[in-house]
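Trainee: Can you read through this structure? Questions will come right after.
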Number of protein chains: 2
Amino acid sequence: MSHATPGTPSTPGRVHLDNGGRAPWHPLARQAFEQALADGWADPRRLHAEGRRAARLLDGAREAVAAALGARTQEVHFTPGHTASLHAAVASATAARRRAGAGVVVSGVERAAVLHAADVAGERRTAEVDRLGRVDADTMSAAVRAPGVALAALQHANGEVGTIQPVEAVHDAARAAGVPLLVDAGASVGHVAVPETWDLLAADPADWGGPAGVGVLAARQRVRTAPVGPQDEDPWAPGGVSVPLAFAAAVALQAVEADRVAQESRRRALVERVRAQVARIPDVEVVGDPEGRLPHVATFSFLYVDGEALVTELDQHGFAVGSGSACTASTLEPSHVLAAMGVLTHGNVRIALDRTTTAEEVDRFCAVLPDAVARVREMLGVGGL
Amino acid sequence: MSHATPGTPSTPGRVHLDNGGRAPWHPLARQAFEQALADGWADPRRLHAEGRRAARLLDGAREAVAAALGARTQEVHFTPGHTASLHAAVASATAARRRAGAGVVVSGVERAAVLHAADVAGERRTAEVDRLGRVDADTMSAAVRAPGVALAALQHANGEVGTIQPVEAVHDAARAAGVPLLVDAGASVGHVAVPETWDLLAADPADWGGPAGVGVLAARQRVRTAPVGPQDEDPWAPGGVSVPLAFAAAVALQAVEADRVAQESRRRALVERVRAQVARIPDVEVVGDPEGRLPHVATFSFLYVDGEALVTELDQHGFAVGSGSACTASTLEPSHVLAAMGVLTHGNVRIALDRTTTAEEVDRFCAVLPDAVARVREMLGVGGL
């Protein structure tokens, strides 16, 4: 058995800069998980002392998450994960408004889970984004006001490029039109302040330093939802969720909220340094809004570079990064987000800084990136361009 | 933070006999989880070293579970949990056979998740069970052979009363009729040998000493399934599963399989002792098949007793038990399993022995139960009956 600190890269000197959506566990999440495994391993639906103790931990977790999100405890539900939250929110909110119509208004840069869920639940209507990845508030508001709209979905911030969306303005329009607004805050909760202008809000513990295998969906009490799928005691997590995971997620959120502002400015400065350094590399586009953005995400697209090759090249030199153009075993398509923005979909590299990422690590990354890009261009025979 | 051994009751002297569906973690599962948290916390779909390491752990987990179930690695899928496995299996297998019809043949004692999924996916056709909780193989086989059947579902063993079902015979009939058979082995895997006569098989890590928050669904390669719900890279677990949970589940299964036969005979002897002792209490029905049964489950229904009151009475005396007639906050109906068997649905108590349950604990339970029953009857004013 390995004795490396769980949740941290176990190879010395290695720099992990791919922390969006699956960050290392916060140390307090680890402690909370152990505590909850000791005290809350039983089924919280049972009547005996062990069951009641598990139920109390789960209630406490809901309460803590609700406080962090500006919601009431009974408005917060745990789900099997962020994708499950988004699927359930789109399906159940749309089903509850069948009479209003089947239209689901989305921005073009929503997560694939929202786009696919909209296709299944009704008729997807897409509000285009600009080259920075931002939807125009007036355009989306007009789409929300159109007849036959059951639901609108607008992410708080885009996890691939960092751009923050005009959630408040669109929510104003949605409220006036009587259309519920789903806000995907999976890339922003724990990193920046999240507005309270939402009707349904999905948040991702695995992104803020909590565990994967549990998600959060908050639904305002005023929002009607209709259960979809087979009947279950818990329509948001059929069969129930793991209490230790939910508890660890809540403790991690409290922990990251406690020093969020300091971490926000620290990481924002590092990201600005990276964006400035990378802009000096020839034939690069620094992607996403330079101002209204997540503090910890930086994204670039390089001309004459294959994204998968660049990820591999950096990996061999000790740096783990993400890419919107690298193919995993099962995803052979480049990022729909980059395509919707009209920026280069190949040669893309994305970094998301963890709370533990140091300035020294960022500087080392900036130092190796130009040569890595040059080597990949060399391999592709475009070194002289 | 508590320093009790995680996954074990933290109150000294307390006896936890409600281990069906949510057992304490096996110690090796705990170790495996820590190892996987160190080495496999990253997203297994990413291309860098951390992602590939997580993917290898996940592949290893699938391989280990497949070996234990007599399946091929590529036939095994992780899901968000046992209920999710059952929902997905019923929905996707039924959807793939739309042309055959919408009939879903089930036994009357399947889990609620199967019954509700069958109602949503098609038209449920129920094969009744006898007073021991067993379906008649000929009756169910005839139902499977009838026109218009898309899917049949028969559990391997009933987790509430322990009765083993004639899975082999029904699978013979199903194969001859070209109807896939879903076997819910959520109460039996890790406790008894599981037959390989299935087309889809669902198994529950939380029942065998692995974590909650992850499930297992195996589908033979010959079985057609159609994706249901929004498109996703992983149709069985949209968004992917937690690698540490899957790895811990697999290691726990290997561990319990390693001494399954010894644990089976040890616990069977204890359960026979309990069943014999309880039968001496006046006005009791010892429920389920005396022979063809799970080795670790024992269930009784007492006349003139309220199940919820008896669970509470035993809890106050240090014993945690389950009940098919106790109401949780959200389930106000008594067990549909007991109702289908035609036995008393009130005054029900169920115990499921963990691998760590000792003979001394079982004897203490047998010693306190008669007085607890008498006290509850006294409270209800039927002490003299």
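Where a number appears in this text, it was derived from the coordinates with a stated rule and is not lab data. Here the structure is a predicted model, which is why all the values come from computation and not from measurement. Note that we place each Cβ from the backbone using ideal geometry, even for glycine, and neighbour counts take in every protein chain shown.
Trainee: Nearest beta-carbon of B to the rotation axis carrying it onto A: which residue, how many whole Å?
Mentor: Taking Cβ atoms only, the nearest residue and its distance are B:PRO80, 2.
Trainee: Okay, next question. So if R0 is 35 Å, what FRET efficiency would A:ASP59 and B:ALA279 give, r being the distance between their Cβ atoms, rounded to the nearest 0.05?
Mentor: Result of the calculation: an efficiency of 0.30.
Trainee: Could I ask something else about it? May I ask you to list the trypsin sites (Lys or Arg not before Pro) in segment B:172-230 that are in a DSSP loop and have at most 13 other Cβ atoms within 10 Å of their Cβ? Write out the running numbers ahead of the final one.
Mentor: Working: sites: B:ARG175, B:ARG220, B:ARG222, B:ARG224; in loops: B:ARG220, B:ARG222, B:ARG224.
The qualifying sites are B:ARG222, B:ARG224.
Trainee: Considering amide H positions built from the backbone, and no H for Pro or chain starts, which residues 5 or more places from A:ARG125, or on another chain, come under 5 Å of its amide H?
Mentor: HN-HN under 5 Å from A:ARG125: A:VAL104, A:VAL105, A:VAL106.
Trainee: Using a label point 7 angstrom from Cα along Cα-to-C-beta, what distances in nm, from shortest up, separate A:VAL382 from the other copies?
Mentor: Nearest to farthest, the other copies are at 8.2 nm.
Trainee: Extending each Cα 7 Å along its Cβ direction at B:ARG72 and A:ALA359, get the distance between those two points in nm, one decimal.
Mentor: 5.6
Trainee: For B:ALA269 and A:GLU333, FRET efficiency with R0 = 56 Å and r from the beta-carbon atoms, rounded to 0.05? Let's see the in-between values first.
Mentor: Values: r = 58 Å, r/R0 = 1.04.
It comes to 0.45.
Trainee: Using the Karplus curve 6.51 cos²θ - 1.76 cosθ + 1.60 with θ = phi - 60°, work out ³J(HN,Hα) for each residue of segment B:167-184 in order, rounded to whole Hz, and write x for Gly and Pro.
Mentor: Ordered by residue, 3J(HN,Hα) equals 5, 4, 5, 5, 5, 4, 5, 5, 4, 4, 8, x, 9, x, 10, 8, 10, 7 Hz.
Trainee: Would you mind telling me the antiparallel percentage of the DSSP bridges in chain A, rounded to 5?
Mentor: 55
Trainee: Taking amide H positions as placed 1.01 Å from N in the peptide plane, with prolines and chain starts having none, which residues 5 or more places from B:SER323, or on another chain, fall under 5 Å of its amide H?
Mentor: Result for B:SER323 returns B:ARG350.
Trainee: Using a Förster radius of 56 Å, what is the FRET efficiency between A:ARG98 and B:ARG131 based on their Cβ-Cβ separation? Nearest 0.05, please.
Mentor: My answer for the efficiency is 0.80.
Trainee: Please list 3J(HN,Hα) in residue order for segment A:206-219, calculated via the Karplus relation 6.51 cos²θ - 1.76 cosθ + 1.60 where θ = phi - 60°; whole Hz, with x for glycine and proline.
Mentor: Values, residue by residue: 5, 7, 9, x, x, x, 6, x, 8, x, 10, 10, 10, 10 Hz.
Trainee: With each label point set 7 Å from Cα along the Cα-Cβ vector, what nm distance links B:HIS317 and A:ALA226?
Mentor: Computed distance between label sites B:HIS317 and A:ALA226 equals 5.1 nm.
Trainee: Return the single residue from B:ASP234, B:ASP59, B:ASP18 with maximal mean-square fluctuation; model: Gaussian network over chain B, springs between Cα atoms under 10 Å.
Mentor: Of B:ASP234, B:ASP59, B:ASP18, the most mobile in the Gaussian network model is B:ASP234.
Trainee: While we're looking at this one, here's another question. Under the convention of a label 7 Å out along Cα→Cβ, give the distances in nm from B:ALA176 to the same position in every other copy, shortest first.
Mentor: Shortest to longest, the spacings are 7.0 nm.
Trainee: Can you list the HN-Hα couplings for segment A:18-32, worked out from phi with the Karplus curve (6.51, -1.76, 1.60; θ = phi - 60°), rounded to whole Hz and with x for Gly and Pro?
Mentor: 10, 9, x, x, 8, 8, x, 5, 5, x, 6, 5, 4, 5, 5
Trainee: So, one more: In nanometres, what is the gap between the two model label sites at A:ASP119 and B:ASP259, each 7 Å from Cα along Cα-to-Cβ?
Mentor: Label-label distance for A:ASP119 and B:ASP259, simple model: 5.1 nm.
Trainee: Just in segment A:98-164: which trypsin sites (Lys or Arg not before Pro) are loop by DSSP and have at most 13 other Cβ atoms within 10 Å? Each step should come with its number before you reach the end.
Mentor: Values: sites: A:ARG98, A:ARG99, A:ARG111, A:ARG124, A:ARG125, A:ARG131, A:ARG134, A:ARG145; in loops: A:ARG98, A:ARG99, A:ARG111, A:ARG131, A:ARG134.
Hits after loop and neighbour filter: A:ARG98, A:ARG99, A:ARG131.
Trainee: Ordered shortest first, which distances in nm separate the 7 Å Cα→C-beta label point of A:VAL368 from those of the other copies?
Mentor: In ascending order, 6.0 nm.
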